[in-house]
Structures are given as C-alpha cells and as structure tokens.
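Taking it in order: structure first as structure tokens, then the write-up.
Please treat every number below as a calculation from the coordinates, not as lab data. Bear in mind the structure is a predicted one, so any value in this text is a computation, not a measurement. Virtual Cβ from ideal backbone geometry, glycine too; neighbours counted across all protein chains shown.
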Amino acid sequence: MVRAGSADTLRSVSTPARTPALTGLPLHRGHLLSVVAAVTLLATACGPTDQGPERPGVSGTERELSFEGGGFTVGATFTTPPDGAPEGVPGALIISGSGPTDRDGNSPPRPEADTNLNLSRVLGAAGVATLRYDKLGSGDPESWDDRVEDALEETVDPHVFDAQMAAAYAALIEQPEVDPERTIVVGHSEGALFALRAHEVLDGADPALVLAAPPGTRMLDVIDRQLSEQVRTAEAQDAFEEADAVRMLSDTRAARAWIRAGRELTEDDATGPFTPQDQDYLAWIDAFDPPELAGDLDPDTPVLVLWGDEDAQIEREEVDRLMGGLEQAERVDLAGVDHVLREYDDSPGAAALDADRAFSPEVAPAVTEFVDGLW
C-alpha cells in the first residue's frame with residue numbers, strides 16, 4: 001500500500017503549525033475527511049512571505065543517485081560535508097515520514113517543510129555525509145515510470161519500503177567518500193519505525209540511530225488520536241455537523257478493530273479514512289510497537305531522540321512510552337518546536353508557513369554532540 005495522503009501535513013486555521021496531521025492515510029478518504037483538509041489547508045495561504053529564516057548547517061556538495069529497490073528505480077541525493085577526510089567520513093541514511101513525503105521531507109500539502117534537507121545540512125556541518133531518497137509514491141510524478149504508475153493503482157507489498165531502505169543504505173556505503181564502518185540511520189516520524197528496525201533489515205549493519213519526532217505507540221492508535229483531534233477541531237470551526245464527526249470516528253475505530261482482527265475490508269464497509277488498498281500496509285506497520293522495537297536493539301546501540309514540545313502529531317506521553325525501551329538513549333526535548341522541527345509561535349500575526357519559521361537551533365548542537373561521541 002502507498003499512502004498517498006500524507007501524515008504530518010494538515011494544519012488548522014487558528015493554530016496552523018500545531019493541529020494534528022493524519023498519519024499514513026490514503027488519497028481517497030471520503031467527503032468528511034475532504035472537508036477537514038479544506039479547513040486546515042486554508043492556513044497555508046496566510047502568514048509572512050519574506051525570504052524566510054536562514055537555513056541550518058551547511059549545504060555541502062550534492063550529487064544525484066539512482067538505484068533499484070523493491071523492483072523500482074529509486075532517486076536519491078547524496079551530500080558530502082565541506083571537509084572530507086582521506087579515510088572517509090561517517091554516512092547517514094535519512095528516512096522520511098509517512099505518506100508521499102519525498103527525499104527532502106516534503107509532501108504536496110506541506111511542500112516547504114524541508115525536514116530531511118535541514119537534517120542533512122545539520123549532519124553535514126557535523127562532518128557526516130548523507131543520503132536521502134524518494135520512496136515509492138513520493139518525489140516528482142514526472143519522474144515515475146510505468147511500473148510506478150501501475151503500482152500506485154494497486155495494493156503494494158509493504159516490504160517494498162524495507163527493500164528500498166536497504167537499497168538506499170547500500171548505495172550510501174558504496175559512495176567512496178563514506179566510511180562504511182561509521183554509519184547512522186535517521187528516521188523522522190514514521191521513518192523512525194524503519195530506523196528502529198535497521199539492524200534487522202540492513203544486512204549485517206549496526207548503525208547508530210537518530211529518531212526525530214518518533215511515534216511511541218502503535219500506528220493505528222496514533223492515527224485514531226490524530227483523527228479525533230483534527231475532526232473535533234474542524235467540527236468546532238463549523239466544518240461539519242456533530243453527527244458526521246461521531247460517524248467518522250466510529251467508522252475509523254471499527255476499521256481499526258477489523259484490521260487488527262485480520263478481517264478483510266471491502267469497498268462497502270464504512271471505514272472512516274481507510275480503504276481496502278491500505279489494509280495490508282496498515283496491518284503491517286501497526287504490528288510494530290515502538291517500545292518493543294526499541295527493546296530488540298543491541299543495548300550498546302547509540303540512539304538520539306529528538307522531539308519538539310509543540311509537536312501536535314506525536315505527544316509527550318508517546319515519546320515517554322518509547323523511552324521505556326530505550327533506557328540508554330539520549331533524549332533532547334526541543335522547546336517551542338513542532339513536528340517538522342521548526343519553531344512554533346501561536347501569537348497573533350506569527351508566521352504560519354513552514355518556510356517562514358526557523359528550523360530549531362537546538363537540533364544542530366544535539367546532533368553534533370551525538371556524532372562527536374560515536375567514534
């Protein structure tokens with residue numbers, strides 16, 4: 001399944017950067033969710049439009065790569081830090097969050113988040129080369145071949161995303177500038193679940209991990225909470241009636257129970273934002289409980305957890321739960337920062353657009369200190 005409706009995207013009129021965004025949802029969500037999207041996306045048309053804040057870190061030297069992964073051609077950007085080393089530099093693989101989130105961390109409803117790009121720049125300043133890639137269903141549709149177009153019309157084997165992560169990691173360590181013995185896997189949002197499984201998916205690899213805005217509970221529970229908060233926000237703004245809100249949330253919870261029970265969904269079922277095409281992926285990703293994944297790590301695996309205390313997609317209690325399985329991990333809570341690691345301000349007249357809000361200045365020192373302590 002390819003989730004064409006991005007999580008980490010929707011924002012409300014009154015508090016655009018902070019209203020929860022739905023995680024891992026499909027393109028065809030039905031009328032009610034379309035209303036929610038229409039209300040929330042109004043926020044992207046307001047706010048300052050100046051040049052915007054200075055980007056973090058350094059740009060480095062970029063080159064485009066492509067490789068086969070999961071039966072598809074994967075496009076990627078490899079970036080080397082300004083100062084290399086004869087013996088090679090550490091390398092980091094950056095994995096996007098849910099939905100059609102591209103190599104830079106952007107999706108159609110949130111095209112200027114640049115989460116992955118900014119993390120790449122921060123890592124570059126810390127002396128780390130990076131590879132970020134367009135997973136299946138993301139990136140420029142003009143670059144998709146017939147295989148991708150056909151796949152997006154069907155239910156996709158979720159293991160394709162594991163295969164693409166593994167192919168991207170292999171491409172990273174094949175680069176001559178990278179020391180393959182010093183690697184990091186960076187996962188943002190849902191990407192953190194892939195990072196937590198890197199030691200299983202990547203053949204013989206044991207990378208350090210950076211988990212940015214990671215979920216701390218099962219994915220269908222995260223979706224339920226996010227949807228509940230977003231629907232109630234839209235209801236409060238008179239986007240639709242209370243009865244419609246109740247029906248949508250009831251349908252979603254019924255579908256969650258059916259998916260977990262292995263009942264096959266049909267087009268005739270009332271399933272809230274879910275569709276039968278999503279079922280395989282949702283059942284697969286929901287089976288991973290983050291603290292259990294964390295508990296399966298080698299106790300010596302270095303882990304850095306980054307979370308913004310204005311993150312409306314992932315709550316503090318969820319990160320607390322994850323940390324229960326990461327007793328040796330370092331956690332940095334970023335003050336006044338949202339889900340895409342940008343500064344959040346809800347005062348009147350404050351910037352609403354991602355491009356007008358600074359990437360958290362607390363990320364760079366946290367990442368640099370972590371990297372400096374690895375090797």
* In degrees from 0 to 90, rounded to the nearest 10, what is the angle of the helix 363-372 Cα long axis to the longest principal axis of the chain? -> 40 degrees
* What ³J(HN,Hα) values, in whole Hz, does the Karplus curve 6.51 cos²θ - 1.76 cosθ + 1.60 give for the range 309-314 when θ = phi - 60°, with x put for Gly and Pro? -> 6, 10, 6, 8, 7, 10
* To do: For the range 83-160, state the average projected area of the convex hull of the C-alpha atoms over all orientations, rounded to one decimal in nm².
  => 6.7 nm²
* Using only Cα atoms, tell me the angle between helix 31-41 and the longest principal axis of the chain; keep it within 0 to 90° and round to the nearest 10. => 50 degrees
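What GluC sites (Glu not before Pro) in the range 51-130 are in a loop by DSSP, with at most 13 other Cβ atoms within 10 Å of the Cβ?
GLU54, GLU87
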* For the range 74-89, Karplus couplings with θ = phi - 60° (6.51, -1.76, 1.60), whole Hz, Gly/Pro x -> 10, x, 8, 10, 9, 10, 9, x, x, 10, x, 8, x, 8, x, 10
* To do: Pick out, in residue order, every one of the GluC sites (Glu not before Pro) in the range 291-332 that is DSSP loop and has at most 15 other C-beta atoms within 10 Å; say none if there are none.
  => GLU327
* Spacing of the two label points (7 Å from each Cα toward its C-beta) at ASP221 and TRP375, in nm -> 3.7 nm
* Structure fact -> Each label sits 7 Å from Cα toward the beta-carbon; between ASP280 and ALA261 the label points are separated, in nm, by 2.3 nm
* Residues in the range 145-182 that a label on GLU68 would reach, taking backbone N under 19 Å of a point 7 Å out along Cα→Cβ -> 145-151, 157, 159-175
* Asked: Given a cut-off of under 8 Å on Cα pairs at least six residues apart, what relative contact order in percent is computed for the chain?
  -> 23 percent
* Quick one, which of (i) 19.7, 65; (ii) 23.4, 80; (iii) 20.9, 62 is the actual Rg and Dmax of the Cα atoms in Å calculated for this model? -> (i)
* To do: Could you check which residue among ARG256, ARG357, ARG147 shows the biggest mean-square fluctuation in a GNM of the chain with a 10 Å Cα cutoff?
  => ARG147
